[in-house]
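Colleague: Got a structure here, written out as structure tokens. Questions coming.
The values are calculated or read from the model by the stated rules, or taken from the named source; none is laboratory data. This is a predicted model, so every value here is computed, not measured. Because the Cβ atoms are built from the backbone with ideal geometry, glycine has one as well, and the counts that use them run over all protein chains shown. The protein model used for the area step is the full one, side chains on, heavy atoms only, and it has no ligands, DNA or RNA in it. Shrake-Rupley method; radii C 1.70, N 1.55, O 1.52, S 1.80 Å.
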Amino acid sequence: MIWTENRENAYCEITPAILALKEQWEKKNYIDPRLYREYNVKRGLRDEDGRGVLTGLTRVAEIQSYHVVDSPEGEHITPADGILYYRGIDCRELVRGSAQRGRFAFEEAAYLLLFGELPTEEQLKDFCIQLASYRTLPTNFFRDVIMKTPPKDLMNTMQRGILTLFCYDDKPNDTGLENVLRQCLQLTANMPVLAIYAYQAWRYNNGESLFIHVPQPNLSTAENFLRLLREDRGYSELEARTLDVALVLHADHGGGNNSTFTNHVVTSSGTDTYSAIAAAMASLKGPRHGGANSKVMEMMDNIKEHIRDWADEDCVRHYLTRLLDKEAFDGSGLIYGLGHAVYTRSDPRCEVFRDYVTRLAAEKGRQPELNLYASVERIGKELLMQRRHKDAVSTNIDFYSGFVYEMLGLPMELYTPLFAVARIAGWSAHRMEELSAGGKLIRPRYECVEEHRSYVPLEMR
């Protein structure tokens, strides 16, 4: 590296030498896609019919999204309405049960995922008190860790915070279940604080005023999140309950999603809790996993710019056709938020969320935009079913979640961090399950397709 006066720019510069090395890499790193079929590689750990390859067992969560039908020609799958179970309980019932009694549900969902049973009133109260006692970062942590280096991405700032908490732990490498449970509860309590403080530091480094509020022990996770975010610390009942439902619906999604599988893989090595959760965070940050709702928002902003009359369904259909033909938006040919890797006919999380979207849009006076979303959803699914020759396409929860977060006043920079605030409950449950199972190191097989050759002395190359 040749350093210039501007050390930071020199460090980040793509030099001619780097470009030359990239070209050298490209010469020897192409793998013919046909080889994946020849070797029967389960790309993405998926079978040809889209079903995931079975790599483990879990009692934490389950997704049902299709029926397997036996026929003389063999097994084939048929679409079905999706169901998401937390410890065998339909997550929709969890949301309905708490709403009917005026409770916030995320803490109840976290307890269920961790311990396998619904808590009694006394157990839930004690659990909330335990979380509240942990909802405080170490002294000067905000100044010395979060503010130390200007945050460019909140997820990386949160990862750095999680890994630094290792240094404040007297028993960071102890993988006994009681110690891991303590660490997981602390991280569950601190994740929303890390997310909001990282955002406030990001705002400050972008020239905006800095304000830091202290979490209140008597408030739920959703209430504290909104309180810490807003300068006036205010929020409506519907806002807090809508955010709470979003947290419940994102708390887990079976063991096969990318970040949870990452958590299982890293945990299987015997490493510490902070490293395992930071690895899961790194996976979630990827736009193919945790960034889908941001892409929906970008797409919808683009639609709003190019369609003058949002109520004109012919204009919506024309634009979506251009989008699928890779002639609009980002040229990907995708309608973000429609279709899912697992769900076939419906995403149960979206079905639960839809009612809260409607109520929040009414409270915020955003009905015209909600109508546009509904048109894009209905027409987009029609077009996708025609092109893919399918009789069902599910609407992903990400289709509406970004719109909800925007109505709640959440900046897009917080969308994926909020996902982590919810998913830490599931990650914690899966980490403890992996440790308790005493399983082997997860180590899949890769087939090498490089030809064998002889070493050539340097002077003869």
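Colleague: So between Glu26 and Ser454, what do we pick up on full extension, going 0.36 nm a residue minus the alpha carbon distance?
Modeller: Between Glu26 and Ser454, full extension yields an extra 151.9 nm.
Colleague: Please give me, ordered by residue number, the trypsin sites (Lys or Arg not before Pro) of segment 134-205 that lie in loop per DSSP and have at most 16 other Cβ atoms within 10 Å.
Modeller: Lys148, Lys152
Colleague: Still on this model: Under 28 Å Cα to Cα from Lys440, which lysines show up? Leave out anything in the same chain fewer than 8 places away.
Modeller: Filter leaves Lys42, Lys171, Lys285.
Colleague: Apply the a/c threshold of 1.5 to the C-alpha gyration tensor of segment 1-119 and tell me whether it is rounded, prolate or oblate.
Modeller: oblate
Colleague: Describe numerically, in nm with one decimal, the distance between label points set 7 Å from Cα along Cα→Cβ at Arg445 and at Glu178.
Modeller: Spacing of the two 7 Å Cα→Cβ label points: 4.2 nm.
Colleague: Accessible surface of Phe329 in the full protein assembly, 1.4 angstrom probe, to the nearest 10 Å²?
Modeller: Surface accessible to solvent at Phe329 totals approximately 60 Å².
Colleague: Treating cross-link reach as a plain straight distance, find the aspartates and glutamates whose alpha-carbon is under 14 Å from the alpha-carbon of Lys125, omitting any fewer than eight places away in the same chain.
Modeller: In chain and number order, the partners are Glu107, Glu108.
Colleague: Over segment 118-228, what is the relative contact order in percent, taking alpha-carbon pairs closer than 8 angstrom and at least six residues apart?
Modeller: 36
Colleague: OK, next. In terms of the Cα gyration tensor, with a ≥ b ≥ c the square roots of its eigenvalues, is segment 329-461 rounded because a/c is under 1.5, prolate because a/b exceeds b/c, or oblate?
Modeller: Prolate, because a/c is 1.5 or more and a/b exceeds b/c.
Colleague: Picking from Ala420, Leu360, Met385, whose Cα lies most toward the positive end of the charge dipole for the chain (charges on Cβ: Lys, Arg +1; Asp, Glu -1)?
Modeller: The one lying farthest along the dipole's positive direction is Ala420.
Colleague: Also, quick follow-up: Can you give the translational diffusion coefficient of segment 142-225 in µm²/s, computed by Stokes-Einstein from the Kirkwood radius over Cα pairs at 20 °C and 1.002 mPa s?
Modeller: 154
Colleague: Give the residue list of GluC sites (Glu not before Pro) in segment 273-346 that are DSSP loop and have at most 13 other beta-carbon atoms within 10 angstrom.
Modeller: Loop-located and lightly packed - Glu327.
Colleague: Oh, and also: Once ligands and nucleic acids are excluded and a 1.4 Å probe is used, how much of Ile77 is accessible, expressed in Å² to the nearest 10?
Modeller: Approximately 50 Å² of Ile77 is accessible to the 1.4 Å probe.
Colleague: Still on this structure, I have one more. Can you sort Cys315, Cys12 by 1.4 Å-probe accessible area, starting with the largest?
Modeller: I get Cys12, Cys315, largest accessible area first.
Colleague: I would also like to ask the following. Using helices alone, I'd like the mean residue ellipticity at 222 nm for the chain: each DSSP H run of four-plus residues gives -39500 (n - 2.57), total over residue count, nearest 500.
Modeller: That comes out to -17000 deg cm²/dmol.
Colleague: Follow-up question, since we're still on this one. Report, in order of residue number, the helices in the chain meeting two criteria: a C-alpha extent of 15 Å or more along the helix axis, and a mean Kyte-Doolittle hydropathy of at least 0.0; treat each whole DSSP H run as one helix.
Modeller: Taking the DSSP H segments of the chain (at least 15 Å long, mean hydropathy at least 0.0), we get 154-168, 177-205, 237-250, 273-285, 415-437.
Colleague: Under 20 °C and 1.002 mPa s, how fast does segment 286-354 diffuse according to Stokes-Einstein, given a Kirkwood radius computed over C-alpha pairs? Answer in µm²/s, whole number.
Modeller: It diffuses with D of about 161 µm²/s by this estimate.
Colleague: For the chain, what does the accessible surface come to per residue with a 1.4 Å probe? Please give it in Å².
Modeller: 53
Colleague: To continue, here is another question. For Cα Rg over 2.2 N^0.38 Å, several values are listed as (i) 1.06; (ii) 0.93; (iii) 0.97; flag the one computed from this structure.
Modeller: Computing Cα Rg over 2.2 N^0.38 Å and matching it to (i) 1.06; (ii) 0.93; (iii) 0.97 gives (i).
Colleague: Based on the mean of other beta carbon atoms within 10 Å per residue, what is the order of 395-407, 212-224, 260-272, most packed first?
Modeller: 395-407, 260-272, 212-224
Colleague: List the pairs from Lys304/Lys381; Lys152/Lys326; Lys304/Lys364; Lys152/Lys364 whose alpha-carbon separation is above 27 Å, in the order I gave them.
Modeller: Over 27 Å Cα-Cα: Lys152/Lys326; Lys152/Lys364.
Colleague: At a 1.4 Å probe, what is the % contribution of carbon and sulfur to the accessible area of the chain?
Modeller: Accessible surface attributable to carbon and sulfur in the chain totals 50 percent.
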